[in-house]
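Let me begin by presenting the structure, written as structure tokens, before commenting on it.
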Amino acid sequence: MHLFLKRGSVYFLFCLYFLLQPGGPCAYAQRTMSPAQWQQLTGNKAFGYKNDSEQVTPPKHYNTGFIQKFLRGLFSFFGSGFGNALLWLILIGMGCYVVYRLFFSKDSFLFSRTKKIMSDEGPKQEEEDIANTNWEALLQKASANNDVRLAVRYSYMWLLQLLQERELIKYRSDKTNYEYYSELVTTDYKQPFKQLSRQYEYTWYGNYPPSAAAYQEYLATFDNLKTQLRR
């Protein structure tokens with residue numbers, strides 16, 4: 001059996017050597033092609049890819065809008081040293097304007113413009129005839145009726161009448177209480193006048209009637225200033 005396998009292996013190697021020899025059964029014949037055949041083959045449109053170029057889709061470019069460019073430039077400007085300083089100047093200016101509108105302008109809450117048309121509770125022409133109106137009598141009547149709001153109103157108008165008589169102010173129906181305060185800035189009456197003006201603004205224009213204690217304090221300040229003006 002061993003001898004049989006040995007002989008079979010030798011026979012297999014011999015056959016393999018024979019088959020792989022040039023010109024043997026497994027050798028392939030080189031195919032030749034004439035120029036006419038080559039021209040016919042390459043002329044076929046199915047093989048016409050030689051000069052074709054690869055189609056490459058270019059990347060899309062998105063145009064930046066005007067608003068985006070503007071905001072980008074704005075942020076870049078205010079991010080610089082000069083832009084940062086300018087931004088602070090703008091903010092400070094806006095803050096000063098707000099303070100002015102709240103406390104110093106003619107339309108401020110503290111010293112708002114005196115209205116020409118009065119409430120139905122009082123005389124409609126009293127502001128136009130401040131010198132000839134008996135404010136003291138009106139004040140007493142309002143106090144008798146426990147009308148604190150009107151009492152504050154009449155006492156304040158009486159005060160303006162006294163200041164006008166002393167030529168400390170120049171009364172005009174379109175002037176603000178702050179303008180009257182400015183005319184008293186060099187006198188000893190400016191501080192009590194400012195206190196009375198604040199209470200008057202809150203009570204009459206703000207429609208916030210004072211408490212009993214605040215009203216008594218207001219009357220005390222008013223009586224004191226009235227006494228000084230009558231000397």
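The values are calculated or read from the model by the stated rules, or taken from the named source; none is laboratory data. Note that this is a predicted model, so its numbers are computed, not measured. No Cβ is skipped: glycine too gets one built from the backbone with ideal geometry, and neighbour counts run over all protein chains shown.
What tally of residues in region 192-214 results from selecting those that are under 38 Å from the mean Cα position of the chain (by Cα) and either surrounded by fewer than 14 Cβ atoms within 10 Å (Cβ to Cβ) or in a loop (DSSP other than H, G, I, E, B) (or both)? Before you say what the answer is, go through the steps one by one.
Initially, region 192-214 is screened for residues under 38 Å from the mean Cα position of the chain (by Cα), giving 194-210.
After this cut, where a residue has to be either surrounded by fewer than 14 Cβ atoms within 10 Å (Cβ to Cβ) or in a loop (DSSP other than H, G, I, E, B) (or both) as well, the list is 206-210.
Final tally of qualifying residues: 5.
Residues SER173, SER182, SER143: which one is hydroxyl-bearing (Ser, Thr, Tyr) and more than 28 Å from LEU102 (Cα to Cα)?
On the way: SER173 fails: more than 28 Å from LEU102 (Cα to Cα); SER182 fails: more than 28 Å from LEU102 (Cα to Cα).
Step by step, each of SER173, SER182, SER143 is checked, and only SER143 is hydroxyl-bearing (Ser, Thr, Tyr) and more than 28 Å from LEU102 (Cα to Cα).
Of all residues in region 144-191 being in a helix (DSSP H, G or I) and among the small types (Gly, Ala, Ser), which is surrounded by the fewest Cβ atoms within 10 Å (Cβ to Cβ)? Working first, answer last.
The first filter runs over region 144-191 and keeps only residues in a helix (DSSP H, G or I), leaving 144, 148-165, 177-183, 190-191.
Imposing the further condition that a residue be among the small types (Gly, Ala, Ser) reduces the set to 144, 151, 155, 182.
On the way: ALA144: 9, ALA151: 24, SER155: 23, SER182: 14.
Within region 144-191, the match that is surrounded by the fewest Cβ atoms within 10 Å (Cβ to Cβ) is ALA144.
For region 215-231: of the residues being surrounded by 13 or more Cβ atoms within 10 Å (Cβ to Cβ) and of a type in the set (A, V, I, L, M), which is farthest from ILE169 (Cα to Cα)?
Of everything passing the filter in region 215-231, LEU219 is farthest from ILE169 (Cα to Cα).
Take GLU217 and tell me if it is assigned by TED's automatic domain parsing to the domain that holds THR133 and assigned to a helix (DSSP H, G or I). It would help to see each step written out before you state the result.
Values: assigned by TED's automatic domain parsing to the domain that holds THR133: yes; assigned to a helix (DSSP H, G or I): yes.
Yes, satisfied.
Take ALA137 and decide whether it is in a helix (DSSP H, G or I), small (Gly, Ala, Ser), out of contact with any strand residue (DSSP E or B) (no Cβ under 7 Å at 6 or more places or on another chain) and at pLDDT 85 or above. Write out each step before concluding.
Values: in a helix (DSSP H, G or I): yes; small (Gly, Ala, Ser): yes; out of contact with any strand residue (DSSP E or B) (no Cβ under 7 Å at 6 or more places or on another chain): yes; at pLDDT 85 or above: yes.
So ALA137 fits the description; yes.
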